[in-house]
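The values are calculated or read from the model by the stated rules, or taken from the named source; none is laboratory data. Here the structure is a predicted model, which is why all the values come from computation and not from measurement. Positions of Cβ are backbone-derived with ideal geometry, glycine not excepted, and every protein chain shown enters the neighbour counts.
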Ligand SMILES: C[S@@+](CC[C@H](N)C(=O)[O-])C[C@H]1O[C@@H](n2cnc3c(N)ncnc32)[C@H](O)[C@@H]1O
């Protein structure tokens with residue numbers, strides 16, 4: 001395969017080359033040279049969960065073709081170790097980032113990984129379509145994000161799934177204030193300026209809107225992270241309604257959030273507030289939009305989208321179909337058994353949730369259902385644990401809403 005120059009006349013414009021220059025001098029994320037632990041972490045259970053998160057109604061496959069669009073310094077190599085039987089193509093605008101990916105490819109003998117210095121807007125030049133397109137942290141940096149998303153939609157296979165992550169505006173209000181502050185002071189991208197900026201951030205008032213992010217986000221621990229967050233020449237964010245319009249313009253439809261509990265009125269403190277019923281009566285898109293405003297601190301949205309002409313089966317707990325679903329527990333979930341709320345025998349937590357109200361107390365009967373999950377059995381085959389069907393129906397739907405399980409619905 002040929003390699004492309006970072007820019008050519010067709011895609012060159014000032015904003016585009018500013019972004020290119022930025023990543024030439026500040027490859028992101030900070031390069032890593034050891035992905036062995038990550039490789040070991042990605043066992044079959046993780047792969048099965050991932051496969052059914054994106055394709056609930058298809059049997060498990062580990063050989064899908066994957067495009068990692070705007071792969072940065074290591075994301076494509078991570079995908080290549082995570083899916084050894086899949087073919088991975090990584091593209092990025094930044095030559096230095098692709099060079100770091102190539103070094104990982106060499107070091108780990110990743111024959112399943114192909115890399116190109118290529119803007120996502122020109123993904124069509126790869127001349128193929130992909131079962132899975134992953135684009136995280138990229139499109140909000142494009143001069144024309146619509147052109148980028150359309151290009152990705154056009155290389156998505158008919159039954160393909162897109163994993164997209166873009167910035168969310170309200171939780172990043174403090175970041176945008178500091179970006180404006182840096183522009184006013186004409187702070188540049190030199191190491192000395194970034195050092196001074198990092199030192200000055202320590203003098204911020206403790207209740208400045210960015211301060212909690214400085215403490216919570218690992219992005220601010222490195223120079224590349226500080227530069228990426230505060231000195232980026234091109235950065236926009238999408239509220240939920242803007243995101244839905246963004247997808248619509250590219251002929252894509254929303255599938256699900258990668259982690260959905262924060263967007264749902266059934267999960268967390270809002271479920272017992274006086275507004276719960278009103279929120280629950282809204283259409284899903286309206287619920288998500290309201291919950292983004294209510295939660296207030298979301299900094300990004302991560303979602304699954306499909307082509308408009310592919311509608312994967314929607315999970316349905318109203319008829320009897322759910323009895324044929326195979327629940328698979330998510331790997332990063334915990335069963336906590338101390339400091340329990342009254343009546344609970346355990347509390348279920350997903351370690352990837354950042355909102356602390358997202359813990360699900362369960363009672364003894366629910367615990368029996370939880371323990372009946374082996375990742376292979378359909379719900380209807382769970383024997384005595386299924387004595388109370390209505391309780392089971394509610395509980396399995398809850399486990400799904402709370403990001404505790406995904407379902408393999410291909411046994412229907
Ligand atoms: C914040 S990094 C994210 C990297 C990676 N996706 C991840 O999640 O770790 C953004 C990446 O997008 C790349 N990028 C920005 N504009 C691009 C474009 N038009 N085409 C391809 N890559 C682009 C940058 O070079 C950079 O590597």
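Looking across 282, 252, one residue alone is farther than 28 Å from residue 144 by Cβ and either surrounded by 15 or more Cβ atoms within 10 Å (Cβ to Cβ) or at pLDDT 95 or above (or both). It is 282.
Note on the range 339-412: enclosed strands (runs of 3 or more DSSP E) holding 2 or more residues that are closer than 22 Å to residue 45 by Cα are 346-350, 405-408. Could you please find all residues in the range 377-394 being surrounded by 21 or more Cβ atoms within 10 Å (Cβ to Cβ) and closer than 16 Å to residue 363 by Cα? Residue satisfying the conditions is 392 alone.
Which residue, of 185, 139, is more than 16 Å from the ligand (Cβ to nearest atom) and under 23 Å from residue 230 (Cβ atoms)? Lay out the reasoning, then the answer.
Details: 139 fails: more than 16 Å from the ligand (Cβ to nearest atom).
None of the other options fit; the residue is 185.
Screening the candidates 159, 183, 172, 150 for the property of being outside any helix (DSSP H, G or I) and either modelled with pLDDT of 95 or more or closer than 20 Å to residue 233 by Cβ (or both) yields one hit, 159. Consider the range 208-231 and keep the residues that are more than 21 Å from the chain's Cα centre (by Cα) and not in a helix (DSSP H, G or I). The one that is farthest from residue 183 (Cα to Cα) is 222. Cβ-Cβ contacts under 8 Å between residues 6 or more apart (or on different chains), taken from a first residue in the range 26-40 that is within 18 Å of residue 221 (Cα to Cα) to a second residue that is assigned to a loop (DSSP other than H, G, I, E, B) and more than 13 Å from the ligand (Cβ to nearest atom), are listed as 26/189.
Checking the condition within 17 Å of the chain's Cα centre (by Cα), assigned by TED's automatic domain parsing to the domain that holds residue 148 and over 18 Å from residue 164 (Cα atoms), which residue from 47, 41 passes? Walk me through how you get there before you give the answer.
Values: 41 fails: within 17 Å of the chain's Cα centre (by Cα).
That would be 47, the only listed residue that is within 17 Å of the chain's Cα centre (by Cα), assigned by TED's automatic domain parsing to the domain that holds residue 148 and over 18 Å from residue 164 (Cα atoms).
Residues that are modelled with pLDDT under 95 and within 13 Å of the ligand (Cβ to nearest atom), at least 3 per element: which helices (runs of 4 or more DSSP H) completely within the range 1-81 meet that?
Details: elements: 14-25, 36-41, 44-54.
Helices (runs of 4 or more DSSP H) meeting the threshold: 14-25.
Of 70, 90, 124, which residue is crowded, with 23+ Cβ neighbours inside 10 Å and over 20 Å from residue 34 (Cα atoms)? Please lay out each step first, then the result.
On the way: 90 fails: over 20 Å from residue 34 (Cα atoms); 124 fails: crowded, with 23+ Cβ neighbours inside 10 Å.
Exactly one of 70, 90, 124 is crowded, with 23+ Cβ neighbours inside 10 Å and over 20 Å from residue 34 (Cα atoms), namely 70.
Per this entry, residue 116 is not counted among residues that are more than 22 Å from residue 32 (Cα to Cα) and either surrounded by 18 or more Cβ atoms within 10 Å (Cβ to Cβ) or at pLDDT 95 or above (or both).
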